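Heads up: the structure comes next, in structure tokens.
Rule-based calculations on the coordinates, nothing more; no lab input. In this text, all values refer to a predicted model and were calculated from it rather than measured experimentally. Ideal geometry is used to build each Cβ from the backbone, glycine not excepted, and the neighbour counts take in all protein chains shown.
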Amino acid sequence: MRDLKSILIGVAIPLAAIPSASAWGFVGHEVVATIAQIHLHPSVFPNMCTALNFTSTDPDVPLCHLAPPATWADRARFKMRWSAPMHYIGAVGDYPRQTCQFPGDHGWVGRKGYNVLEAIRNVTTLLEDWTADSVPSFTDDDTANEAIKFLIHFLGDMHMPLHLTDRDRGGNSDKVMFGNKESNLHSVWDSLLINKAVRVTPRNYSRPLPIPQIEFNLRGTIYDSYVRRIMWEGIMGQWKDEVESWLTCPPPSPAKDLDWSWGQSILSVWNQLSGKEGISIDTDDETICPYHWAKPVHALNCEIVWPAALDEPPYTHARLSDDTDDCHDHDDFALLEDDFASKPRTPKPHPKYLQLDTPEYAGAVEKEFVIEKLLAQGGIRLAGVLNYLFASVEGQSDIRASKLRIVTV
Ligand code: ADE
Ligand code: ZN
Ligand code: ZN
């Protein structure tokens, strides 16, 4: 098999140069995947489950489920150090809340091709080739398997605001308190706020909803009630009329069109997408537009995510040096269980680090359903892209819909 790295980026880079990557914790990624699963068209399953290398024989569970592979890219990130920068993106000069650039005049930090928006475009292009009826296919089955697992994961990462800024390594270097726990801003958003939201989900959501399409795709997890709540109050409730608009993309600017002429090799298209042929990076087209979708997610950094107090005394010193690896994602399950253990919760004021488990910060995020909306948007867009890639249009996978669609509940 040609390994995905050589196809994705085509060059080797020194391991020491790669910063650490993290992601929504496992709950965030699995919630996004479960919401996507609820909105898949039934015709996607044969091809999609083949790509995922998984088919269930139990009639009471779906043929395959998107949640288990959703965290693969993080679990394997130590084996695939080259993929680390593909979990996030940052614009040169972006410094929330003081300056918000996405990008500004100086483009993106890092090398072309090595960021979450381009990675989404590139794995989508690989899967388009794998599912096209034309032969021979450039993409083999093992590559398609890694590509779909990356796609499920990166669509989640893209909806985490701190994966869209390079300031302080996406907040990994900003020490804060969350209750009695010493943590960092990035982990608060990856895991701690979500864990708290799961914990405070009202008890009535532990009962099944009268909606088989939802219940069939829940798997008896600790976050089932949370998914029910996001579906009921969010997707079928307050955001009902805007969900369709989450799937739309603006028309492309003519100057940035790619040459998609017949007979052109995927590698050539790949090189155009990666900017190796001098064409500017453009991740978006009329159907799939990660950059357009990411813009309002990034804007949240200046609206609610970055606490202004971190740039004011006495907290200006609470920053680790940039090469300190302080990502806690691997410990997510432990964190969640720890949180559930009924310790008395009396957050003490901490003299050194800013407390974020307060009504003004965590309370506002909770009240405004900020995280729930991000997880919902990630799930709906993932379903749209998977339906586009794998749903059969009159049995021919290379006749694709020109707009993303989901199965509504
Ligand atoms: N490492 C450097 N920047 C990062 C970010 N925004 N998210 C996750 N890991 C990072
Ligand atoms: Zn990630
Ligand atoms: Zn993260």
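Hey, got the dipole for region 185-251? About the Cα centre, +1 on K and R Cβ, -1 on D and E Cβ, debye to the nearest 20? Could you put the intermediate results ahead of the total?
On the way: 8 positive and 7 negative charges, 83 e Å.
I would put it at about 400 debye.
Counting other beta carbons within 10 Å of each Cβ, put I371, I35 in order, fewest first.
Numbers: I371 22, I35 27.
Least to most surrounded, the residues fall as I371, I35.
Remark: for residue pairs K181/K373; K181/K240; K175/K367; K196/K295; K112/K352; K112/K367, the C-alpha separation exceeds 30 Å in K181/K240; K112/K352; K112/K367.
Can you sort V31, V200, V92 from fewest to most other Cβ atoms within 10 Å of each residue's own Cβ? Display every interim value, and only then the final one.
On the way: V31 29, V200 10, V92 14.
Fewest-to-most Cβ neighbours within 10 Å comes out as V200, V92, V31.
Could you rank the peptides 166-172, 63-69 by their average count of other C-beta atoms within 10 Å per residue, with the highest value first?
Working: 166-172: 23.9, 63-69: 20.6.
The densest-packed peptide leads the list: 166-172, 63-69.
Please get the size of the charge dipole for region 17-101, origin at its Cα centre, with Cβ charges of +1 on Lys and Arg and -1 on Asp and Glu, quoted in debye to the nearest 20.
On the way: 5 positive and 5 negative charges, 81 e Å.
The dipole of region 17-101 has a size of about 380 debye.
Counting 0.36 nm for each residue step from K367 to H292 and taking away their Cα separation leaves a gain of 24.4 nm. On the basis of the beta-carbon distance and an R0 of 35 Å, F216 and A299 show a calculated FRET efficiency of 0.50. Note on W24, W108: ascending count of other Cβ atoms within 10 Å places them as W108, W24, the fewest first.
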